[in-house]
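K.L.:
Dumping the structure here so I can ask a few things about it.
Derivation of every value follows stated rules applied to the coordinates shown; laboratory data play no part. The model shown is predicted, which means the values in this text are computed figures rather than measured ones. Glycine also receives a Cβ, built like all others from the backbone with ideal geometry; neighbour counts cover every protein chain displayed.
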Amino acid sequence: MKLILIFISASLINNFVLTYFLGICPFLGVSNKTEDALNMGLATTFVMTLTAAVTWPIYTYILVKFNVPFLSYVAFIIAIAALVQFVEMYIRKSSPTIYRAMGIYLPLITTNCAVLGLALFMVLREYNYIESIIFGFATGVGFTLAMLMMSGIREELEFADVPEVFQGVSITLIIAGMMALAFMGFAGLIRG
Amino acid sequence: MANNTLWHEFKKGLWQDIPPFRLVLGTCPTLAVTNSVINGIAMGMATLFVLLCANITVSAIRKIVPGQVRIAAYVVLIALYVTVADMFLAAMFPPISKALGPYVPLIVVNCIILARAEGFAQKNPIMPSVMDALGIGIGFTLSLAVMGLIREIFGFGSILDIKILGDWFEPWIVMILPAGAFFVFGFLVALVNYLSIKQKGKKTETVCH
């Protein structure tokens, strides 16, 4: 039951993009086309799940055990960078099709704050191993959802007559604000 | 002459390249911690510190680090400085550190810092890099303070926790919610665009991924 709660909470109620503002850069940058947004979302979900699976043991069995949790930021960022590199190498060798779809997004994911944020929140909330993996996956699903919705709206927006000063980043941010308002509707989902 | 160039490096961060609005870099903290002025300023100062240290170090070691591993080296350096900033905040200003929460460690992946290291400090000597870091850092702090100011006035009716609007004022709750951050940021970007168009007849804007 707790796992389902974590899943719903991380993907809908506390959506990383719309309530914690993590992963805004790709959210603004790669949300022009639905297809790109979907591929980016899938690649990020994959990396996020793996990140949770890798950083949790590092934190619990190395950093806490040797009493150096203050090194966690350095350790996490190195772990994430190495992980992304390995995933890229593996995908390039094993499946050129997936590599063509996801490859160009992988280096960007290293500097996606949502991935590091995920590792930090996971430690802050003291999840156990299974919960962390579910949390990582759910966060990725929430990110993909937000990306997809945003790209859908932006594709429609191409035909809209937006005033010149609002074009580009500005209108995208205002739309994101409206989406954040809409997502607040999910807040009653668990407590109610 | 040399002083002029240094002054130019400093000045460009304040308006021409002001980070969140012109370069659209470092958007996550801009949106996340600006529900009050003091949080915005604290976040800006922490970023300024990390940016300054990172620019100095990167500039100093720019001829030693091999090209292939430079990004990894920079990221580790930045992570170290962020750890320092985080521990300093936690020791000296516990309430602020608590309010900023995980957003202080997230300075590690703030694109502004890596972008300045990669785009400026690794090509320039130490002095211009220091000026660049100060300019961009202060520009960033000011942007966060302005965002915080607008959201605090409308969201709580106060500035720096001092009530300025009377009891007649009904706080706009939306301003302190996530949605308000997006709206304020969106309108400020539009305002900067408007001013640029008026000034030069064109708008300048690049998005970091």
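K.L.:
If one computes the Cα centroid of region B:140-199 and of region B:69-132, what distance in Å separates the two points?
P.N.:
Their Cα centres are 26 Å away from one another.
K.L.:
Would you please name the trypsin sites (Lys or Arg not before Pro) within region A:90-192 that are DSSP coil residues with at most 14 other C-beta atoms within 10 Å of their C-beta? Please list the in-between numbers first.
P.N.:
Working: sites: A:92, A:93, A:100, A:125, A:154, A:191; in loops: A:125.
When the trypsin sites (Lys or Arg not before Pro) of region A:90-192 are filtered for loop state and at most 14 Cβ neighbours within 10 Å, A:125 remain.
K.L.:
Could you calculate the FRET efficiency of residue B:123 with residue A:67 from 1/(1 + (r/R0)^6), where r is the beta carbon distance between them and R0 is 41 Å, rounded to 0.05?
P.N.:
E(calc), rounded to 0.05, equals 0.50.
K.L.:
Each residue of region A:2-8 in order: what ³J(HN,Hα) in whole Hz does its phi give by Karplus 6.51 cos²θ - 1.76 cosθ + 1.60, θ = phi - 60°, with x for Gly and Pro?
P.N.:
Going residue by residue, I get 5, 5, 5, 4, 4, 4, 5 Hz, with x marking Gly and Pro.
K.L.:
Can you tell me the relative contact order of region B:23-200? Whole percent, Cα pairs under 8 Å, sequence separation 6 or more. Provide the component values of the computation, followed by the final result.
P.N.:
Numbers: 206 pairs, mean separation 63.9, N = 178.
That works out to 36 percent.
K.L.:
Out of B:35, B:124, B:110, any idea which swings most in a Gaussian network model of chain B, alpha carbons joined below 10 Å?
P.N.:
B:124
K.L.:
Here is a further query. Give the aspartates and glutamates reachable from residue B:163 as a straight Cα distance under 15 Å; neighbours fewer than 8 places away on the same chain don't count.
P.N.:
Counting by Cα, and skipping residues close in sequence, residue B:163 has these aspartates and glutamates nearby: B:152.
K.L.:
For residue B:123, go through the aspartates and glutamates and keep the ones whose alpha-carbon is under 16 Å away, minus same-chain ones fewer than eight residues off.
P.N.:
Cross-link targets: B:9, B:132.
K.L.:
What is the extension gain from residue A:78 to residue A:93, computed as 0.36 nm multiplied by their sequence separation minus the C-alpha to C-alpha distance, in nm to one decimal? Don't skip to the end; give the middle numbers.
P.N.:
Details: separation 15, 0.36 × 15 = 5.40 nm, distance 2.28 nm.
Contour length minus the Cα-Cα distance gives 3.1 nm.
K.L.:
Please check: in the Gaussian network model of chain A (C-alpha springs, under 10 Å), which one of A:72, A:170, A:132 has the largest mean-square fluctuation.
P.N.:
Its mean-square fluctuation being the largest, the pick is A:170.
K.L.:
Hey, any idea what the orientation-averaged projected area of the convex hull of region A:17-186's Cα atoms comes to, in nm²? Mind showing how you got there, number by number?
P.N.:
Values: hull surface 44.4 nm².
Taking the Cα atoms of region A:17-186, their convex hull projects to 11.1 nm² on average.
K.L.:
Using a Förster distance of 45 Å, how high is the FRET efficiency between residue A:3 and residue B:161, based on the Cβ-Cβ distance and rounded to 0.05?
P.N.:
Working: r = 40 Å, r/R0 = 0.90.
Between residue A:3 and residue B:161 the formula returns 0.65.
K.L.:
Within chain A, which is the longest segment that contains none of the GluC sites (Glu not before Pro) sitting in a DSSP loop with at most 11 other Cβ atoms within 10 Å? Kindly include the intermediate steps, with their values, before the conclusion.
P.N.:
On the way: sites that count: A:126, A:158.
The segment A:1-125 is the longest one with no such site.
K.L.:
Tell me which chymotrypsin sites (Phe, Trp or Tyr not before Pro) from region A:111-192 have a DSSP coil assignment and no more than 16 other beta carbons within 10 Å of their own.
P.N.:
Working: sites: A:121, A:127, A:129, A:135, A:137, A:143, A:159, A:166, A:183, A:186; in loops: A:127, A:159.
When the chymotrypsin sites (Phe, Trp or Tyr not before Pro) of region A:111-192 are filtered for loop state and at most 16 Cβ neighbours within 10 Å, A:159 remain.
K.L.:
Under the 0.36 nm per residue contour assumption, what length would be gained going from the current alpha-carbon distance of residue A:162 and residue A:53 to full extension? Don't skip to the answer; put the middle values down first.
P.N.:
Numbers: separation 109, 0.36 × 109 = 39.24 nm, distance 4.37 nm.
Contour length minus Cα-Cα distance gives 34.9 nm.
K.L.:
So which helices of chain A fit the span-like rule, where a helix is a whole DSSP H run, its Cα atoms reach 27 Å or more along the axis, and its mean Kyte-Doolittle is at least 0.5?
P.N.:
On the way: long enough: A:34-57 (35 Å, 0.67); A:72-94 (32 Å, 1.28); A:129-157 (42 Å, 1.05).
What comes out of the filter, once short or polar helices are dropped, is A:34-57, A:72-94, A:129-157.
K.L.:
For the protein assembly as shown, what is the mean residue ellipticity at 222 nm derived from helices alone (per DSSP H run of n ≥ 4: -39500 (n - 2.57); sum divided by total residues; nearest 500 deg cm²/dmol)? Each step should come with its number before you reach the end.
P.N.:
Values: 20 runs with 274 residues, N = 401.
The per-residue figure over the protein assembly as shown is -22000 deg cm²/dmol.
K.L.:
Please go through region B:1-90 and write out the trypsin sites (Lys or Arg not before Pro) that DSSP classes as loop and that have at most 10 other C-beta atoms within 10 Å. Show your work: numbers first, answer last.
P.N.:
On the way: sites: B:11, B:12, B:22, B:62, B:63, B:70; in loops: B:62, B:63.
Within region B:1-90, the qualifying trypsin sites (Lys or Arg not before Pro) (loop, at most 10 other Cβ atoms within 10 Å) are B:63.
K.L.:
Which links in A:33/A:93; B:98/B:198; B:12/B:198; B:11/B:198; B:12/B:98; A:33/B:12 stretch past 30 Å when you go from one Cα to the other?
P.N.:
Working: A:33/A:93 27 Å; B:98/B:198 42 Å; B:12/B:198 18 Å; B:11/B:198 20 Å; B:12/B:98 33 Å; A:33/B:12 33 Å.
Beyond 30 Å: B:98/B:198; B:12/B:98; A:33/B:12.
K.L.:
Across peptide A:161-170, what mean number of C-beta atoms from other chains lies inside 10 Å of a residue's C-beta? Let's see the in-between values first.
P.N.:
Working: counts 0, 0, 3, 5, 12, 6, 4, 7, 12, 14.
Mean shielding count: 6.
K.L.:
GNM, chain B, Cα, under 10 Å: largest mean-square fluctuation among B:43, B:131, B:87?
P.N.:
In this elastic network of chain B, the residue with the biggest mean-square fluctuation among B:43, B:131, B:87 is B:87.
K.L.:
Points 7 angstrom from Cα along the Cβ direction at residue B:61 and residue B:87: gap in nanometres?
P.N.:
The answer from the label model is 1.8 nm.
K.L.:
Quick query: amide H of residue B:159 versus all other amide H atoms, modeled in the peptide plane; which residues come in under 5 Å with a sequence gap of 5 or more or a different chain?
P.N.:
Amide H neighbours of residue B:159: B:164.
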